[in-house]
Amino acid sequence: RILILDFGAQYTQLIARRVRESGVYCEIHPWDMSDADVQAFGARGIILSGGPESVTDVTPPVAPSVVFDLKVPVLGICYGMQTMAKQLGGRVTASNHREFGYAQVTSAAPCRLLDGLRDHSDGQGRALLDVWMSHGDRVEELPAGFVATAFTNSVPLAAMADESRQFYGVQFHPEVTHTLQGAQLLERFVREICGCEARWSAGNIIADSIARVREQVGSDNVLLGLSGGVDSSVVGALLHRAIGKQLTCVFVDHGLLRLNEGDQVMDTFARHMGVRVIRVDAADRFFKALKGEADPERKRKIIGRLFVEVFEEEAAKLQGIRWLAQGTIYPDVIESAGSKTGKAHVIKSHHNVGGLPEKMNLKLCEPLRELFKDEVRKLGVELGLPREMVYRHPFPGPGLGVRILGEVTKPYADLLRQADVIFLDELRRHDLYDRTSQAFAVFLPVRSVAVMGDGRRYDYVIALRCVETIDFMTARWSRLPYEFLDLVARRIINEVQGISRVTYDISGKPPATIEWE
Ligand code: XMP
């Protein structure tokens, strides 16, 4: 396995993803990992990430010195290359001039890391690579034993290598897709130079996880809060395969799910897979608690609190549960470690089962802790979950509760469900669902006039929202074809009694959040 030491670059997670895509397991740890921990990790190779600091600062972050004594290959990327150069006796100079974006590097000497990789040729037999740069400082003098292996017009030392020790540095970022040969470069480093086998595949991950869960929980019983979302669904499928009848799932139906969603969850898990799922129909309780409440934050709080209450009540009825399973995934783990408190445990989102572990004295079982979302999805498919479930758009914990503006009532939820299913069905039918990140309908409790046939209607309004985003922190509204929007609007107005007008939300995030509340 490969150790990635993180110096705080935005791209560190991408390095890990590329390494795993080449079939090799890796972990990200902070740069100040102790020498003993680095040694104990037992890496076949180490990657030093980029970072926002300058190695010319008074006390810059440095790699643990043992990194260079372990006799394993080391690859420094951007800041990682600079700190490697400096720590091994070279010289780095600061610069106020940042180079950012596309650059072309030219190979300068044979090098195991770069040989044979090329996007163009310079006419003199030298390879040219299109790369992505983002740096201010640069290496000015190489440490003893290194040769320059590539240059650009502005950076004479854009890559360096010491083949005898298998130390490599690149000033550019191979982990981003703009560096066209980047994935190849990283694959070559981990597979050929470090000699790691490509063992990290969905099948192997499942086999390893099953073995680990069995060892962890033994013959104890495990409880899982199933939400129907991707992460908890994959945990459910995995645990079922690992421990079968020792798993009990609780699925709380708060009446704010999409059309048929509850039945689909039960169908997949209880009927097809034979998982023990307790479905709690708590819709009335939720609607009652939400009655008269129009404030978005208070609505969220009510839904969250009730969810925990219902879940706890069900859990308390069960005998002999020792473990609580959760769908925590690797980005959650890295984020909490990155916050420097280090130990904070991220309990997932809406079905945040707050005080439960303490009160019931449950231990946590988090089999997806090391996986990225795309890996979780691959696992889900491999475990036999329906593709629609595994690749579905995110759905917020409070469900339709935050998509019915103002007071939430059952009649409003029923109207919204009908409109929403039309929108999503048409997206799927037109092959647009997988090309957008999140789509849904919103219920506006205002009425507008319409003429239908010879009659007058005075009915509610539906807003459609559809966005494209990578990380859900920023989003762009999807440029859906007019013809498509026209079709959806007509179907909703004709088929949903009580809706007379449909609008399309063309607000970007920021400032408008993806959800309306
Ligand atoms: P916003 O509306 O903040 O949403 O732009 C960003 C993403 O988060 C989802 N979201 C939630 N997910 N519980 C969740 O589990 C919540 O309370 C919640 N609020 C928003 C939203 O659907 C979008 O994907």
- By residue number, the members of the range 392-426 that are in contact with a strand residue (DSSP E or B) (Cβ under 7 Å, 6 or more places away or on another chain) and either modelled with pLDDT under 95 or within 16 Å of the ligand (Cβ to nearest atom) (or both) are 393, 394, 403, 404, 405, 416, 420, 423, 424
- Message: If residue 477 satisfies all but one of (1) farther than 30 Å from residue 11 by Cα; (2) free of Cβ contacts under 8 Å to residues at least 40 places away in the same chain, what's the number of the condition it fails?
- Response: (1)
- Task: Being surrounded by 21 or more Cβ atoms within 10 Å (Cβ to Cβ) and part of a strand (DSSP E or B) is the filter here, so list the residues in the range 149-172 that pass it.
- Result: 149, 150, 159, 160, 161, 167, 168, 169, 170
- Return the total of residues in the range 428-449 being farther than 15 Å from residue 394 by Cα and of a type outside the set (Val, Ile, Thr). 10
- Is it true that some residue in the range 34-43 is small (Gly, Ala, Ser), part of a helix (DSSP H, G or I) and either touching a helix residue (DSSP H, G or I) at 6+ places or on another chain (Cβ under 6 Å) or within 15 Å of residue 1 (Cα to Cα) (or both)? yes
- Query: If we keep just the residues of the range 216-237 that are in contact with a strand residue (DSSP E or B) (Cβ under 6 Å, 6 or more places away or on another chain) and in a helix (DSSP H, G or I), which is nearest to residue 261 (Cα to Cα)?
  - Reply: 236
- Query: Of all the residues that make up the range 44-74, how many are touching a residue at least 60 places away in the same chain (Cβ under 8 Å) and either among the acidic types (Asp, Glu) or part of a helix (DSSP H, G or I) (or both)?
  - Reply: 2
- Is it fair to say residue 266 is within 20 Å of residue 206 (Cα to Cα) and of a type in the set (A, V, I, L, M, F, W, C)? no
- Note on the structure: Here the qualifying pairs (Cβ atoms under 9 Å; residues six or more apart or on different chains; first in the range 291-317 and under 16 Å from residue 223 (Cβ atoms) and free of Cβ contacts under 8 Å to residues at least 24 places away in the same chain; second more than 16 Å from the ligand (Cβ to nearest atom) and assigned to a helix (DSSP H, G or I)) come out as 309/285
- Keeping to the range 196-208, report how many residues are in a helix (DSSP H, G or I) and surrounded by fewer than 23 Cβ atoms within 10 Å (Cβ to Cβ). 6
- Selection from the range 291-318 of residues out of contact with any helix residue (DSSP H, G or I) (no Cβ under 8 Å at 6 or more places or on another chain) and not in a loop (DSSP other than H, G, I, E, B) yields 297, 298, 301, 304, 305, 307, 309, 313, 314, 317
- Query: Got a number for residues in the range 270-281 being more than 10 Å from residue 251 (Cα to Cα) and in contact with a strand residue (DSSP E or B) (Cβ under 8 Å, 6 or more places away or on another chain)?
  - Reply: 3
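Mind listing just one residue for me: the one in the range 491-517 that is charged (D, E, K, R) and near the ligand (Cβ under 10 Å from one of its atoms) and, of those, farthest from residue 466 (Cα to Cα)?
At the first step, the residues of the range 491-517 found to be charged (D, E, K, R) are 491, 495, 501, 505, 509, 515, 517.
Adding the requirement that they be near the ligand (Cβ under 10 Å from one of its atoms) leaves 509, 515, 517.
Working: 509: 12, 515: 10, 517: 15 Å.
Per the stated criteria, the residue is 517.
Quick one: which of 490, 456 is free of Cβ contacts under 8 Å to residues at least 40 places away in the same chain, farther than 22 Å from residue 297 by Cβ and part of a strand (DSSP E or B)?
That would be 456, the only listed residue that is free of Cβ contacts under 8 Å to residues at least 40 places away in the same chain, farther than 22 Å from residue 297 by Cβ and part of a strand (DSSP E or B).
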- Item | Single unsatisfied condition, residue 386 versus (1) over 24 Å from residue 495 (Cα atoms); (2) outside the structural domain of residue 290 (by TED's automatic domain parsing) | (2)
- Task: Provide a single number: the residues in the range 368-391 that are within 16 Å of the ligand (Cβ to nearest atom) and surrounded by fewer than 19 Cβ atoms within 10 Å (Cβ to Cβ).
- Result: 2
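The values are calculated or read from the model by the stated rules, or taken from the named source; none is laboratory data. All values derive from a computational prediction rather than experimental measurement. Counting neighbours? That spans all protein chains shown, and the Cβs are built from the backbone with ideal geometry, glycine included.
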